[in-house]
Each structure stands twice: as C-alpha cells, then as structure tokens.
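Beneath this line is the structure, given in structure tokens, with notes to follow.
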Amino acid sequence: MDDQEQQAERDYQAYQSLLDLWARENPIKTTKLQMLLAVNALLVSALNVSGGIAPGKWSLYLAGALFSVIWMFSIGRTALFQDVWQIKIAALRQRHPDDPRFSILETDEARRRARPLLRRFGAISSKWYLLFSPLAFALAWLVVLACSLAR
C-alpha cells in the first residue's frame, strides 16, 4: 500500500469517526426538544390549573423564560457541534472527491427522487425549529410576565 492509499485509509477512519459523532447528536437534539415541549406544557397546565395569568405568579413566568433560554443555548451547542462535525466531514470529502466512501452525506440526488409529500414535509431544516422553538417560548413567557406585571 503506497502513502496515498495509507492516507486515504486514515482519512476514511477519521471520516467514520466524524460521521458517528455527527449522527449521535440527532437523538440528543430530539430529546432536548421533547423536554422543552414537555416542561413548557407542564408550566402552561400549572398556570391554567392555578387560575390563569396573575401578577402573583411572576416567578412561574420568569422560570418558563429562563428554562427556555437555557434550552435554546443547550440545543444550540448541540447543533453547533453537529455543524462542526459536518464541516470536517466535508473537508475530508473534498480531499477524496473520487472515493465514494466519502460521499455518504451527499443526498441531493436521492432527495429529488423521494416521494413529493416527504420532500415537502422534510423541506425545513430541523435547525430552524430546534433553535427557534425555545426562543419563541422564552419570548412568550416574557410577554406573559410583562402583561401580568402591567395589571
């Protein structure tokens, strides 16, 4: 095996490791999003059971905003590292453009052939709702806080 082939094998091992790191971030993001939704649902339920929006519950509103902001940064960090892994994967792909082992994440052609309904429903990157859901919850809780204190 010559030096170029050895380098390709080392790069492929690195590629596989990066691909594994990248893939491991998906369930982490999903779990974080599910927990964000569950906690906010519990907070809203607690608010409704306790009689609705009132100035005396400001700590609940503040907690909802703070939890949501923390989740935003937590999910953002997970998404950041997934992006970092993908950038490193792309760099390895560029070094070996003719080696099909390095093109596993190139899905444009396959996506064009996927069923139309799935293409439509899957058109929005998860990063949009993963990052903006906690921001929307935080802003909603801050609006509720402001409205309750203005009464």
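The packing ranking, built from the mean of other Cβ atoms within 10 Å per residue, places the peptides 76-86, 106-116, 49-59, 134-144 in the order 134-144, 76-86, 49-59, 106-116, highest first.
When the P(r) is computed for the range 36-102, the part past 21 Å accounts for 52% of the Cα-Cα pairs. With contacts taken as Cα pairs under 8 Å and at least 6 residues apart, the chain reaches a relative contact order of 42 percent. A dipole drawn for the chain from +1 and -1 charges on Cβ atoms has a positive end, and of 68, 16, 126 the residue lying farthest that way is 68. Entry comment: accessible area of the chain is 68 Å² per residue, from protein heavy atoms only and a probe of 1.4 Å.
In this Cβ point-charge picture (+1 for Lys and Arg, -1 for Asp and Glu), the range 38-151 has a dipole of about 220 debye about its Cα centre. By accessible area, using a 1.4 Å probe on protein heavy atoms only, the chain has 64% of its surface on carbon and sulfur.
Only helices enter this figure: runs of n ≥ 4 DSSP H residues, each worth -39500 (n - 2.57), summed and divided by the residues of the chain, yield -28500 deg cm²/dmol at 222 nm to the nearest 500. Using equal-weight Cα scatterers in the Debye expression, the normalised intensity of the chain in log10 at q = 0.14, 0.15, 0.21 Å⁻¹ is -0.81, -0.87, -1.23.
Bridgeable lysines around residue 32 (alpha carbons under 18 Å apart, same-chain partners fewer than 8 residues away excluded): 127.
The values are calculated or read from the model by the stated rules, or taken from the named source; none is laboratory data. Note that the coordinates shown come from a computational prediction; the quantities given were computed from them, not determined experimentally. Virtual Cβ from ideal backbone geometry, glycine too; neighbours counted across all protein chains shown. Each accessible area value is taken on the protein alone, full model and side chains, heavy atoms only, with ligands, DNA and RNA left out. Shrake-Rupley method; radii C 1.70, N 1.55, O 1.52, S 1.80 Å.
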